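The structure appears right after this line, and notes come after that.
The values are calculated or read from the model by the stated rules, or taken from the named source; none is laboratory data. All of these numbers come straight from a predicted model, not from anything done at the bench. All Cβ positions, glycine included, derive from the backbone under ideal geometry; neighbour counts span all protein chains shown.
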Amino acid sequence: MTSLTATEVRPVSVVDPRGLRVAATITTIVLAVVLLLSPHAVAAVLLAAQAIVFLIGATKGPAVSPYGILFRRFVRPRLGPPTHTEDQRPPQFAQAVGLVFAVVGLIGLLTGAAIVADVAVSFALIAALLNASIGFCLGCEMYVLLTRARARATGA
Amino acid sequence: MSVQAGILVAALAVGLAVALWRRRRDGRVREVTSSDTGARVMTATDLGTELGDRATLVQFSTEVCAVCPATRRILGSIAADTPGIVFTEIKAESAIDLVRRFDVRRSPTILILDTHGVERHRASGLVKDQDVRSALEALD
């Protein structure tokens, strides 16, 4: 396998797990700041920005989400090639889950439902923290359960 | 401390607690007693291969499982250098029936079956070579 550098085109379906950890770390920090500044308007702006990041990650994949691009341009060149790569689909699904929490939180902030906002942002924060610290990947963890649910739904 | 800072601290504490809990459970080989589940049995037909004379190591994997290759290597090498032990890997996506029967919820899930195909130990996540070997010794 050729070594992956920042300038080479890599297959879209796998990602450098270190990029995922960096993205999760940034996400954790952003969400912590949102929680601290809630329910100030600045918190809503920041949360909206994070929701957009989640949206890009969920639709286009974590490698081309803003944090993924930051990783590739500023962190990756200082590192050697990854020891292994990961399928991007579960982290992509996790970004979608984050998006749902962020949107609920945003609605909470915009409608003055501060508790709703705090709970939603806290959940997203915990998921990001788990990913950043122990590589816990919500999408991966749910994959088997989702496969079972889908089989049940299609009558398998 | 402001209310919001308190909420942040609480969220971080929950995150830390879950991380520690998951780190403890991950890869731990637990003994299964038949009172938990009613003894679950896997047959050679289920597996598509003969059971091991001493034990069978079964790994449920999925396509999107970061530690499955490493787990496969560990279990494969134990089976290769220990007589009477067979290792087989099952793709969860194509064995939903077995996934349900054995209540598999994550990947990798590792089952240690005895010579009759009865589930005696299970683990999920990356297992340690030594933990699997100790569980196998406990079977005899």
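Within region B:100-117, the set of residues being of a type outside the set (Lys, Arg) and surrounded by fewer than 18 Cβ atoms within 10 Å (Cβ to Cβ) comprises B:Asp103, B:Thr115, B:His116.
Selection of region A:43-70 for residues being in contact (Cβ under 8 Å) with a residue 40 or more places away in the chain and over 20 Å from A:Ala127 (Cα atoms) yields only A:Leu70. Under the condition of being outside any loop (DSSP other than H, G, I, E, B) and more than 8 Å from chain A (Cβ to nearest Cβ), which residue from region B:1-15 is modelled with the lowest pLDDT? For region B:1-15, the residue satisfying everything is B:Val3. Of the set (1) more than 12 Å from chain B (Cβ to nearest Cβ); (2) hydroxyl-bearing (Ser, Thr, Tyr); (3) in contact with a Cys (Cβ under 9 Å, 6 or more places away or on another chain), all apply to A:Tyr67 but (3). For A:Asn131, the conditions (1) within 8 Å of chain B (Cβ to nearest Cβ); (2) polar (S, T, N, Q); (3) surrounded by 22 or more Cβ atoms within 10 Å (Cβ to Cβ) all hold with the exception of (1). Only residues that are more than 10 Å from chain B (Cβ to nearest Cβ) and surrounded by 22 or more Cβ atoms within 10 Å (Cβ to Cβ) were counted in region A:134-156, giving 0.
Please count how many residues of region A:57-83 are under 29 Å from B:Pro69 (Cβ atoms), in a helix (DSSP H, G or I) and touching a helix residue (DSSP H, G or I) at 6+ places or on another chain (Cβ under 9 Å). Qualifying residue count for the region: 15. For region A:99-127, the set of residues classified as touching a residue at least 24 places away in the same chain (Cβ under 8 Å), within 14 Å of chain B (Cβ to nearest Cβ), buried (at least 21 other Cβ atoms within 10 Å of the Cβ) and of a type in the set (Gly, Ala, Ser) consists of A:Gly105, A:Ala117, A:Ser122, A:Ala124, A:Ala127, listed by residue number.
Restricting attention to region A:118-135, does a residue exist that is modelled with pLDDT under 90 and under 18 Å from A:Ala24 (Cα atoms)? Lay out the reasoning, then the answer.
So in region A:118-135, the residues modelled with pLDDT under 90 come out as A:135.
If we keep only those that are under 18 Å from A:Ala24 (Cα atoms) as well, we get A:135.
Scanning region A:118-135, I find at least one residue that is modelled with pLDDT under 90 and under 18 Å from A:Ala24 (Cα atoms), so the answer is yes.
Exactly one residue out of B:Gly76, B:Gly52 is surrounded by 16 or more Cβ atoms within 10 Å (Cβ to Cβ) and modelled with pLDDT of 90 or more: that is B:Gly52.
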